[in-house]
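Take a look at the structure below.
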Amino acid sequence: MISTSTIQREIKPFKYVKESRQQLKDLKAEQEKEKKKHDEMKKIPPGVPPNILRSPLMEGDKVIEFFEEENDPNLTEHQKDLAYKSRFQKRTFIPIGGKNIINWILGGYSNSTLSTKSARQAYEYTIWHVDNWTLFRSYWIPDDLFGWFAFNLLHFWMIKVRLRSEGKKGEKYLKSYENSFWQDVQQRLSILIEEGDYLAEELVKMQDACTHGMIAFDIGLMYGDAYLAEAFWRIVYRRRMMDPSVLSSLVKYVRREMKQLDSLDTNDILLKGYVQWGRAPPELSSMFNTKDSLNRFE
């Protein structure tokens, strides 16, 4: 005679198999959902900024708002330039009501602390500028994460050139700026890559590209525009077939922005988080509306 306990032992495995099948079904459904989410993220409709270009460092929509005046027919190009540059403001990191005695004792108002806050603010301003989809497409920057990385690196290099001669103050500022830079890169990379080992491998590749890019840009700055254009072609455009006029336009853009940075007061940069970038020239910003340039991004 078969005991009740024996019957229960025979029935239990079937129960576990049923539960396992349900768990497998739930897992597949979750994987499909994640795959659909990533597929949607990779779609980049013409004229619409992709999700990867929206910085995870920004809080809500406070900073990452795009330049609405770009398509305003009532504004002249000069007025648009002024409106664009007005987005970059000097910040005061000391409370208007005066210094808090506890924060003052803890070093909250020291030049070192203010430099760290200023570098973070400058990075937020720069990333708002770099994430401007009109600018991104005007210079035919490759529409992927590495294209964004290289274009962002180019702006980091321009700031580095500006502050290279400022001694320890400049070094402290650039170190804080670099920390914000790599934090942003890592967060964006983690959106696309979930495996820890592969993520670390991609970060190493980007760090190597950063080192090579800085050296190539310095050599280009030293030897002239032809060398600078060649550095952009290798680092930013990754040796793709390019219209020489696009490379020439990017060289002119970099020269223009470096001249603008040189005109800024050093203390405003180091202690007030102030940097200022300019919009793409109108003849370039209208280029991506043409059929050929649109096909390039599809």
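The values are calculated or read from the model by the stated rules, or taken from the named source; none is laboratory data. Quick caveat, the model's predicted, so the values are computed rather than measured. Side chains are part of the model used for accessible areas, which takes the heavy atoms of the whole protein and leaves out ligands, DNA and RNA. Shrake-Rupley method; radii C 1.70, N 1.55, O 1.52, S 1.80 Å.
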Report task. With N set to the residue count of the stretch 159-221, report its C-alpha Rg divided by 2.2 N^0.38 Å to two decimal places. Result -> 1.33
Query raised in the report: Once phi is turned into θ = phi - 60°, what whole-Hz ³J(HN,Hα) does the Karplus curve with 6.51, -1.76 and 1.60 give for every residue of the stretch 218-231, x standing for Gly and Pro?
Result: 4, 5, x, 5, 6, 9, x, 5, 5, 5, 5, 4, 5, 5
**Report entry** Residue-normalised accessible area of the stretch 155-239, given per residue in Å² at a 1.4 Å probe
**Finding:** 53 Å²
Report task. Work out from phi, with θ = phi - 60° and the Karplus expression 6.51 cos²θ - 1.76 cosθ + 1.60, the ³J(HN,Hα) of each residue of the stretch 266-277, listed in order in whole Hz, and give x for Gly and Pro. Result -> 4, 5, 5, 6, 6, 10, 10, x, 9, 9, 9, 10
**Report entry** Gain in span if fully extended, Leu199 to Lys175, counting 0.36 nm per residue against the direct Cα distance
**Finding:** 6.4 nm
Report summary line: With every protein chain kept in place and a 1.4 Å probe, the residues Arg234, Arg240, Arg137, Arg87 fall, from largest accessible area down, as Arg240, Arg234, Arg87, Arg137
Query raised in the report: How high is the relative contact order of the stretch 119-263, given as a whole-number percent (alpha carbon pairs under 8 Å, six or more residues apart)?
Result: 28 percent
Report summary line: Residues whose modelled amide H sits under 5 Å from the amide H of Tyr237, counting only those 5 or more places away in sequence or on another chain, are none
